Amino acid sequence: MQITLLGTGTSSGVPMIGCTCAVCRSVDFRDKRLRSSVHLAVDGRSIVIDTGPDFRQQMLRLSLERLDAVVFTHEHKDHTAGLDEVRAFNFRQQEEIPIYARGRVLNQLRNEFAYVFADKKYPGVPSIRTHEINNEPFEIAGVRIIPIEVMHHRLPVFGFRVHNFTYLTDLNYISDAELEKVYGTQVLVLDALQRNDHISHFTLEQAVALVERIRPELTFFTHISHKMGLHHEVEKELPHNIRLGYDGLQLSL
């Protein structure tokens, strides 16, 4: 399995519009963060988790030629707004793109992208096939995926485990029962927004504390705000097995 962090930024991205802080002015490529998403090349399949506003740019940067499925964590715009861009894969592959999400998220997508689901479709709109998932393992063309339900303030959100990789974004709480699904993970990608308390995201300190409970071999933080600080400075503070993720980072398992 090859894992590519397509984006590691929070909903506003980094740099943030109109901001002149040191992070937003940084020339370090690791401080330039598109909205959070990940690509998995696993068992011969190409799977993307979340299609945020930067999806087109992320696909071009990765030079991705095939997409077998999209899986959604939740319905917030920074995770769904780029859904229209899957039509490029429709044109190339001459087939529908399957999307997987819980029922509430599919309903939100039907509202926001009504033209995609219309009875009489305008030529060239995305062609997708919906699959409703719940908090039970499911398969995408033979790839087993385990949902992990976490809380994003009061909103239930899915993280996902695929083999020995776990992706948990947009959360500030996970129950002990759901945490059981994460133990044994080799590589963990985990939400860590900023240093100060936040209503719906882990802080840096909270994320580190959770990693110490899970004890994966390697952890990368994601959904990072410009308030976190400069990439190279924050990394100096972290334990040897915890790093800040950055856009374009690739890992092989």
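For this structure, a couple of remarks:
- Dividing the convex hull volume of the alpha-carbon atoms in the range 184-243 by its residue count gives 75 Å³ per residue.
- Karplus-derived 3J(HN,Hα), 6.51/-1.76/1.60, for each residue of the range 220-233, Hz, glycine and proline x: 10, 8, 9, 6, 8, 8, 5, 6, 5, x, 5, 3, 5, 7
- Spin-label pair GLU96/LEU62, simplified geometry with 7 Å Cα→Cβ offset, distance in nm: 2.2 nm
- Entries in LYS181/LYS227; LYS77/LYS121; LYS77/LYS236; LYS32/LYS236 that, when Cα-Cα distance is taken, lie over 28 Å: LYS181/LYS227; LYS77/LYS236
- Theoretical ellipticity at 222 nm over the chain - DSSP helices of four or more residues, -39500 (n - 2.57) apiece, nearest 500: -5000 deg cm²/dmol
- For the range 1-154: relative contact order, % (alpha-carbon pairs under 8 angstrom, 6 or more apart): 17 percent
- The GluC sites (Glu not before Pro) found in the range 129-204 that occupy coil by DSSP, while having at most 12 further C-beta atoms within 10 Å, are GLU180.
- Among beta bridges that DSSP assigns inside the chain, antiparallel share in %, nearest 5: 55 percent
- Backbone HN-Hα couplings from phi across the range 178-190 [Karplus 6.51/-1.76/1.60, Hz, Gly and Pro as x]: 6, 5, 4, 5, 8, 4, x, 4, 7, 10, 10, 10, 9
- Exposed loop sites, defined as trypsin sites (Lys or Arg not before Pro) outside DSSP H, G, I, E and B with at most 13 other Cβ atoms within 10 Å, are absent from the longest region of the chain, namely 155-235.
- Per-pair calculated FRET efficiency, R0 = 25 Å: ARG129 and LEU155 via Cβ, rounded to 0.05: 0.50
- Restricting the range 63-112 to GluC sites (Glu not before Pro) that sit in a DSSP loop and have at most 15 other Cβ atoms within 10 Å of their own Cβ leaves GLU65, GLU95, GLU96.
- Nearest-0.05 FRET efficiency for GLU237 and PHE117, computed from C-beta distance (R0 41 Å): 0.30
- Leading residue at positive end of dipole, the chain (Cβ point charges), from GLY245, GLN93, HIS131: GLN93
- Stokes-Einstein D for the chain, Kirkwood Rh over Cα pairs, 4 °C, 1.567 mPa s (µm²/s): 71 µm²/s
- Beta bridges by DSSP in the range 165-253, antiparallel share as percent, to the nearest 5: 0 percent
- The range 67-121 shape via C-alpha gyration tensor axes, a/c threshold 1.5: oblate
- Cα centroid separation, the range 1-60 to the range 121-164 (Å): 19 Å
- Cα centre as origin, Lys/Arg/Asp/Glu Cβ charges: the chain dipole, Debye: 500 debye
- Under 17 Å from a label point set 7 Å out along the Cα-to-Cβ vector of SER252, the amide N atoms of the range 1-36 belong to 1-5.
Bear in mind that the values in this text are calculations on the coordinates, not laboratory data. Everything numeric in this text was worked out from a predicted model, so none of it was measured. Quick reminder, even Gly has a Cβ in these numbers, built from the backbone with ideal geometry, and neighbours come from all protein chains shown.
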